[in-house]
Amino acid sequence: MLRRTAKAARAAAAAADRQAGGTGAAALRDRFLAAVPLAEGVVVSAYWPMGDEIDPRPLMDALAGRGHRLALPAIRAAGQPLDFRAWRPGDALQPAGFGTQEPPATAEELRPGLLLVPLLAFDGAGYRLGYGGGFYDRSLALLRAAGDTLAVGLAYAGQQVAAVPREATDQPLDLVVTERGVITPAAS
């Protein structure tokens, strides 16, 4: 039920953005770049947008222009963490699960220091509602166990909810960036 409601809220936010001239992705890029300091050379994994997700590509282009290596997630199998494969703007992609695209299996695997995460909904404590596969939670747990990894959710402001149900395996986001601002999660 919550996923259905969250999808409808995201669709409404995306439609409102299109009606306003489609500036949400550029505004998100500008807010991110102004508020999130990144060390030189940090590998950034983003996502290829699908459906009504806010488009990370303007931000990805800007980060590549600043010298950051980019990666996109690749699905290994159900119940497994994601792989992160090197990608540059203009590189070929192949169809992947859930209607998205990913770099080919021959692309170099990278360990991101910054993970840009899609979501259906988020709350003020930094928890996200995803699609239910647990891919990002498993991946974040592994990345964080191996060292510092910053997890930043990208969303429309209209995707914020009062509280996201959580399980013990859910990994909180460090920040959420929307077209309207940057949300620093409150401790819960």
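Of all the residues in the stretch 151-188, those that are buried (at least 18 other Cβ atoms within 10 Å of the Cβ), in contact (Cβ under 8 Å) with a residue 60 or more places away in the chain and under 11 Å from V117 (Cα atoms) number 4. The single residue among R138, R128 that is farther than 19 Å from R69 by Cα, open to solvent by 10 Å² or more (accessible area, probe 1.4 Å), among the charged types (D, E, K, R) and touching a Pro at 6+ places or on another chain (Cβ under 6 Å) turns out to be R138. Residue under question is D91, and the condition is that it be of a type in the set (D, E, K, R), surrounded by fewer than 20 Cβ atoms within 10 Å (Cβ to Cβ) and farther than 22 Å from T184 by Cβ; does it hold? Yes.
Within the bounds of the stretch 130-146, is there any residue that is more than 17 Å from the chain's Cα centre (by Cα) and modelled with pLDDT of 95 or more? The answer is no, given that none of the residues of the stretch 130-146 is more than 17 Å from the chain's Cα centre (by Cα) and modelled with pLDDT of 95 or more. All conditions but one from (1) without any contact (Cβ under 8 Å) to a residue 24 or more places away in the chain; (2) among the polar types (S, T, N, Q); (3) surrounded by 14 or more Cβ atoms within 10 Å (Cβ to Cβ) apply to T106; the one that does not is (3). Checking each residue in the stretch 165-188 for being modelled with pLDDT of 95 or more and in contact with a Pro (Cβ under 7 Å, 6 or more places away or on another chain) picks out P172, L173.
Being without any contact (Cβ under 8 Å) to a residue 60 or more places away in the chain and open to solvent by less than 70 Å² (accessible area, probe 1.4 Å): is that true of G51 here? Considered against the rule, which asks whether it is without any contact (Cβ under 8 Å) to a residue 60 or more places away in the chain and open to solvent by less than 70 Å² (accessible area, probe 1.4 Å), G51 comes out as no.
The values are calculated or read from the model by the stated rules, or taken from the named source; none is laboratory data. All figures in this text were calculated on a predicted structure; none of them were measured in a lab. Methodologically, a virtual Cβ is constructed for each residue, glycine included, from the backbone with ideal geometry; neighbour enumeration extends over all protein chains shown. Only protein heavy atoms, including side chains, enter the accessible area calculation; ligands, DNA and RNA are left aside. Shrake-Rupley method; radii C 1.70, N 1.55, O 1.52, S 1.80 Å.
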